[in-house]
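Note sheet for the following structure.
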Amino acid sequence: MDIPRLKKKHQDQLTWFARTDVGLQRPHNEDSYVDVPPLFAVCDGMGGHEAGEIASAIAIDTIVEQAPDTLDDEALGKAIEAANMAILTAVEQGVGKAGMGCTATAVMIIDEKMAVAHVGDSRCYLLRAGSLVRVTHDHSYVEELVDAGEITADEARTHPARSIITRALGSESDLYADHFTIDIEKGDRVILCSDGLNSMISDEFIEDLALTSPTPKECTDRLIAAALAAGGHDNVTVVVVDVERDVVAELHDRIFARGLRRGLVAVLGVLIVAAFALNFIISNSWFLGIDSGRVAIYHGINASFIGRDLYELVERTEVDVRKLPDATRKSLEEGIATASREEARSTVDSYVSQIVVENTKTAETADAAANAKPDTGAAESKDSAKPSSGGDTKGGDAS
Ligand code: CA
C-alpha cells in the first residue's frame, strides 16, 4: 500500500514483519492489515464471505487515507471512526453485505511515542524488558466478564461467548474509538494481532515466543505457527514491530559475546600455559653447536619461533671443528643437546682430549715414518726396508 505522505525518516528506528493466515477451519480470510511505518494496523472482518474481508479492506484503506502526518492519537481515532462511516456508506451503496463489519487496532510509532487507537477485540501488545503487557482493552462481552471478576483472562479465551464483540465498525454511525499515546523505548517490541492468535494461545505463550524470537519475521512466523498448531480455528494476523533494537537479538548477541569472551579466555589460558612450558624447556636446555668455526655452547633449544631464535650463545670455545671427526662435525652442525652447561663443557673437554690424542698419534706416526725413511735417493729406497747395518738412518738422526 503506497502512502508517500508518511515520512521515510520514521522507518529508520523500526524493523517489522506482518503476515496473515486463513487458519485451518475458515474457508476464506476476512482479516486485513497495513504495515507501512509509522502506521501499523489490523482489522478483523465479520459478516461472512464477501462481507468480512470487504469491511476490513475498506477500514484499512480509510485508516491509511485518514491517518495523521504527526503523532496524534485523537486523529488516529478519528481515522478509525471515518473507516466506520466508510463501511456504512459502502453497505448503503450496495458494496459487500448488510451487517458487515470489522475490528480496528491501529498504532503510529514516531520517535519515542506510540499513538494507539482501537475498536473491537484485535489487540496490541508491548514486550518490554522481557515482559509482555497488553496495551489495548477488548471491546467484547468476555472482557466485561473479566473486568467484573467473573472469569479469568484465560477462561475468556475459551468462553462460549468469546466472539461477542460489544463495539465494532459497521454497526452504527455513532462509534467512538479508544485512543491514547504511550512512551516507547529502544528495544521495545510491539505486536498487533487479530483474535485468531490470542484465542488460540495464551498470553504467556505469546510472551514466550516473542522473547525467544530474534527478528520480527521469526516472531510473526512462530506466533502464527503456534496458533495453527493449537487448531487454527480462525483467521490469524500478526504484525511485529521492533523499535530500534530487538531486545531478543541483543540478548542473543550478549550470549554470543559472552561465549566468545569465554573462548578467548580459554585460548589465552592455553597460550599462557604453553608460554610457561616453553620458557621452562628453554631455560633448562643446552646444546653444542658451531660458531665461527669453533665449538660453541648454547643455552636454549636449537629452533626458532616466529622469526626469533629460542637460544643464545653463551661460550665460543677454542676447539676448531676442523680438527674433529666428520661425524662429530655433522652432529655439531645439527646441534648436540646436553642436560646442562656442565655436561656441555665436559663434552668440549672430551673433544680437546680427543684432539690431543689425535695430534699425539699423528706426531708419533710422523716420527715413525720419518725414522723409517732412508737418507739416500730413490735407487736406495728399495733397500731402506732392509735393516741398516749401521743404524744411522736420517730418521734416527732426527730423533
Ligand atoms: Ca477473528
Exercise. Take the range 267-304 and flag every residue that is over 43 Å from the mean Cα position of the chain (by Cα) and under 17 Å from residue 330 (Cα atoms).
Key: 287, 288, 289, 290, 291, 292, 293, 294, 295, 296, 297, 298
Quiz item: How about the range 186-276: which helices (runs of 4 or more DSSP H) wholly inside it have at least 3 residues that are in contact (Cβ under 8 Å) with a residue 60 or more places away in the chain and away from the ligand (no atom under 16 Å from the Cβ)?
Solution: 203-212, 216-229
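A quick yes/no check of all residues on (1) crowded, with 21+ Cβ neighbours inside 10 Å; (2) within 35 Å of the chain's Cα centre (by Cα):
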position	(1), (2)
15	no, yes
52	yes, no
58	yes, no
78	no, no
83	yes, no
Practice problem: Kindly indicate the residue of the range 59-73 that is in contact with a Ser or Thr (Cβ under 9 Å, 6 or more places away or on another chain) and assigned to a helix (DSSP H, G or I) and also farthest from the ligand (Cβ to nearest atom) among those meeting that condition. | Solution: 73
Self-check item: Top-ranked residue in the range 159-185 [being within 15 Å of the ligand (Cβ to nearest atom) and among the aliphatic types (A, V, I, L, M); ranked as farthest from residue 42 (Cα to Cα)]
Solution: 161
Quiz item: Which residues, counting only those in the range 27-58, are under 23 Å from residue 16 (Cβ atoms), assigned to a strand (DSSP E or B) and either within 14 Å of the ligand (Cβ to nearest atom) or of a type in the set (Asp, Glu) (or both)?
Solution: 31, 32, 33, 35, 42, 43, 44, 45
Quiz item: Counting only residues that are closer than 27 Å to residue 209 by Cβ and either surrounded by 13 or more Cβ atoms within 10 Å (Cβ to Cβ) or touching a helix residue (DSSP H, G or I) at 6+ places or on another chain (Cβ under 8 Å) (or both), how many does the range 132-153 have?
Solution: 15
Practice problem: Name the one entry in 337, 303 that is touching a strand residue (DSSP E or B) at 6+ places or on another chain (Cβ under 8 Å), modelled with pLDDT under 90 and not in a helix (DSSP H, G or I). | Solution: 303
Quiz prompt | Considering residues of the range 139-158 that are within 16 Å of the ligand (Cβ to nearest atom) and of a type in the set (D, E, K, R) only, the residue modelled with the lowest pLDDT | solution = 157
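The values are calculated or read from the model by the stated rules, or taken from the named source; none is laboratory data. Just so it is clear, the model here is predicted, and its values are computed rather than measured. We place every Cβ from the backbone using ideal geometry, glycine too, and count neighbours over all the protein chains shown.
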